[in-house]
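*Asks:* Mind having a look at this structure? Questions to follow.
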Amino acid sequence: MLLKSTRNSEVSAPFREAIFIGLTPDGGLYYPAEELNFSSLYERFDKNTLFNTIATEMTAAFLKDETDREGAARIVNRAFDFEPRLVDLGTGISVLELFHGPTCAFKDFGASFLASTMEEFLKEDKGQAIILTATSGDTGSAVAQAFYGKKNIDVIILYPSGRVSPLQEKQLTTLGGNIHALEVKGAFDDCQRMVKEAFNNGALKKEFGLSSANSINIGRLFPQSFYYVWARAQMMDDPVFCVPSGNFGNITAGLYAAHWGLKVKQFIAATNANNVVPQFLESGIYTSRPSVSTHSNAMDVGDPSNFERLEQLYEGKVDKFRASIKGDWVSDGETEETMGRIYKELGYIMCPHTAVGYLAAERYLKDHRDSPIITLSTAHPGKFVEVVDQVLGVKPQLPPALQALISKEKKSTLVENRVGEIEKYLRVNF
Ligand SMILES: *Cc1c(COP(=O)(O)O)cnc(C)c1O
């Protein structure tokens, strides 16, 4: 698949190169250059079709110039030993649980697929890569887990010392092997600056084969389309998808699936108080703002990075946006109310991000009785035990995979927040 830059259609790269580049050289995002039609492929799927079958078929079609069907199957089966689950709450709303992967959040789908694809292409090209990434806590763990044990790839993760939760730190520092944790004496911004400086050093980048694995990477975005197709195949009707959104990567993948022929009635973009996109859908004017912090903190984004991909998809026309996406936003008070009510009425515990989507879905359902609604659940409630405990007065069980980490030993390298620390680490260790 040839990909183009959202900033300049002359800037392009094939998928197998683009996933190692990340951001386009002109600072834009990669999007598929070809008009795809997967309608006849989608029609072959029904509620008995396995998630990995759907993922393999879509990968083989998307990467038809870059790998064969066996290659696609290898990539998919190595990436996914977990699946989405669709839970009908009996309220007219079904919850698409995307948290059954290794770090119990939907980002596992994108990170696992990217890692598996990189491993496949590096093996063919006899290449080596070092992934460099900065994390404020949560996103780095999906990357660390996904790349753990991958051949010919090392991952260096920078995180701010003392500023991530104890569980997050365990997720980053206990894997060992090809996952290297650099504990930076500083803030997240320092980590990000150090990574940027290393990438700006062209010679260093080339010498060590430095790559990034940010959530804007097309290799993380594309696989997120699989579970929309899988969930649609589970229903007998065209669904409404309601997506709790921050950087809008998750919903963009669904919108791509629909653009490629998936029959969907409507998408709802549900945000917290960081409601830049819902406001844009209402007023037609996009105004980014500094983010404010909320209960659903993985969605505290004041200038969603994937908006640029949507502008490309809808040619910057607000009418086209409105034809596909409805916006809604939910306050912290409403999030608490929803979590409490659903737990009391149905005994179902949701994380705060999921509750944002659930309330937006309920509001939509009031005016549209006839539509089956699927709302995406982006994380296991056990990952947000403080908020859940505060609101519901119950501590959800941590999933066993995360529980096991608590007793493991931390291994990290403490570094100053200085230019050159990354280079020093690379020269000593690689
Ligand atoms: C990242 C994240 C989101 C937001 O997803 P985007 O793709 O950035 O819109 C929502 N919930 C959780 C738990 C997340 O980790």
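*Asks:* Starting from the Kirkwood radius over alpha-carbon pairs of the chain, derive D by Stokes-Einstein at 4 °C in a medium of 1.567 mPa s and give it in µm² s⁻¹. Before the final figure, lay out each step's value.
*Replies:* Details: Rh = 22.0 Å.
Using the Kirkwood radius from Cα pairs, D works out to 59 µm²/s.
*Asks:* Residues with beta-carbon under 15 Å from that of ASP389, excluding ASP389: net charge, scoring Lys, Arg +1 and Asp, Glu -1?
*Replies:* Details: positive: LYS383, LYS395; negative: GLU336, GLU386.
My count for the surroundings of ASP389 gives 0.
*Asks:* Now for a different question. Ratio of alpha-carbon Rg to the 2.2 N^0.38 Å globular estimate for the stretch 150-214, to two decimals, please.
*Replies:* This ratio for the stretch 150-214 stands at 1.18.
*Asks:* Pop out the carbon and sulfur fraction of the accessible area of the stretch 155-203 as a percent, whole number, probe 1.4 Å.
*Replies:* 50
*Asks:* Taking 0.36 nm per intervening residue step and subtracting the Cα-Cα distance, what contour gain separates ALA61 from ALA323 on full extension?
*Replies:* 91.6 nm
*Asks:* So what are the stretch 61-193's ellipsoid semi-axes, whole angstrom, largest first, if each one is the square root of 5 times an eigenvalue of the alpha-carbon gyration tensor?
*Replies:* Value: 27, 24, 11 Å, ordered largest first.
*Asks:* What is the spin-label model distance, in nm, from LEU414 to GLN128 if the labels are put 7 Å beyond Cα along the C-beta direction?
*Replies:* Reported label-point gap for LEU414 and GLN128 is 3.0 nm.
*Asks:* Mind checking the full-extension length gain between SER39 and GLU345? Use 0.36 nm per residue of separation minus the Cα-Cα distance, one decimal, nm.
*Replies:* Working it through step by step, the gained length comes to 106.2 nm.
*Asks:* Still on this model: Using 1/(1 + (r/R0)^6) with R0 = 25 angstrom and r between the beta carbons of LEU50 and LEU89, what's the FRET efficiency to the nearest 0.05?
*Replies:* Details: r = 24 Å, r/R0 = 0.96.
Taking R0 as 25 Å, the efficiency between LEU50 and LEU89 is 0.55.
*Asks:* A further question follows. Tell me which GluC sites (Glu not before Pro) from the stretch 284-357 have a DSSP coil assignment and no more than 16 other beta carbons within 10 Å of their own.
*Replies:* Within the stretch 284-357, the qualifying GluC sites (Glu not before Pro) (loop, at most 16 other Cβ atoms within 10 Å) are GLU315.
*Asks:* For the stretch 134-196, what is the relative contact order in percent, using Cα pairs closer than 8 Å and at least 6 residues apart in sequence?
*Replies:* Relative contact order here is 42 percent.
*Asks:* Let me ask something else. When DSSP beta bridges are limited to those with both residues in the chain, what percentage is antiparallel, rounded to the nearest 5? Spell out each step's value before the answer.
*Replies:* Details: 11 of 47 bridges.
Antiparallel: roughly 25 percent of the beta bridges in the chain.
*Asks:* Through the Karplus equation 6.51 cos²θ - 1.76 cosθ + 1.60, θ set to phi - 60°, convert the phi angles of the stretch 321-335 into ³J(HN,Hα) values in whole Hz; use x for Gly and Pro.
*Replies:* 4, 5, 5, 9, 10, 10, x, 8, 9, 10, 7, 4, x, 5, 4
*Asks:* To continue, here is another question. In Å², and per residue, what accessible area does the stretch 300-375 have when probed at 1.4 Å with the other protein chains present? Write out the running numbers ahead of the final one.
*Replies:* On the way: 3280 Å² over 76 residues.
I get 43 Å² per residue for this part.
*Asks:* Among ILE325, TRP260, ASN275, whose Cα projects farthest towards the positive end of the dipole of the stretch 260-364, with charges put on the beta-carbon of Lys, Arg (+1) and Asp, Glu (-1)?
*Replies:* TRP260
*Asks:* Say the cut-off is 18 Å between C-alpha atoms; which of LYS170/LYS410; LYS185/LYS424; LYS344/LYS383; LYS170/LYS411; LYS151/LYS408 go over it?
*Replies:* Numbers: LYS170/LYS410 6 Å; LYS185/LYS424 16 Å; LYS344/LYS383 20 Å; LYS170/LYS411 9 Å; LYS151/LYS408 24 Å.
Beyond 18 Å: LYS344/LYS383; LYS151/LYS408.
*Asks:* Kindly write out, for the stretch 90-107 in residue order, the coupling ³J(HN,Hα) from the Karplus curve 6.51 cos²θ - 1.76 cosθ + 1.60 (θ = phi - 60°), rounded to whole Hz, with x marking Gly and Pro.
*Replies:* Here the 3J(HN,Hα) series is x, 10, x, 10, 10, 9, 8, 7, 10, 10, 9, x, x, 10, 6, 8, 5, 5 Hz.
*Asks:* Continuing with this model, one more query. Over the alpha carbons of the stretch 203-245, what is the largest minus smallest coordinate on each principal axis, giving the biggest first in Å?
*Replies:* 54, 19, 8
*Asks:* Could you go through the stretch 250-263 in sequence order and give the Karplus-derived ³J(HN,Hα) for each residue, using 6.51 cos²θ - 1.76 cosθ + 1.60 with θ = phi - 60°, rounded to whole Hz, and x for Gly and Pro?
*Replies:* Working through the residues one at a time gives 4, 5, 4, 4, x, 5, 5, 4, 5, 4, 7, x, 6, 7 Hz.
The values are calculated or read from the model by the stated rules, or taken from the named source; none is laboratory data. Predicted model, so just to flag it, every value in this text is computed and none were measured. We place every Cβ from the backbone using ideal geometry, glycine too, and count neighbours over all the protein chains shown. Remember, those area values only see protein heavy atoms, side chains included, never the ligands or the DNA or RNA. Shrake-Rupley method; radii C 1.70, N 1.55, O 1.52, S 1.80 Å.
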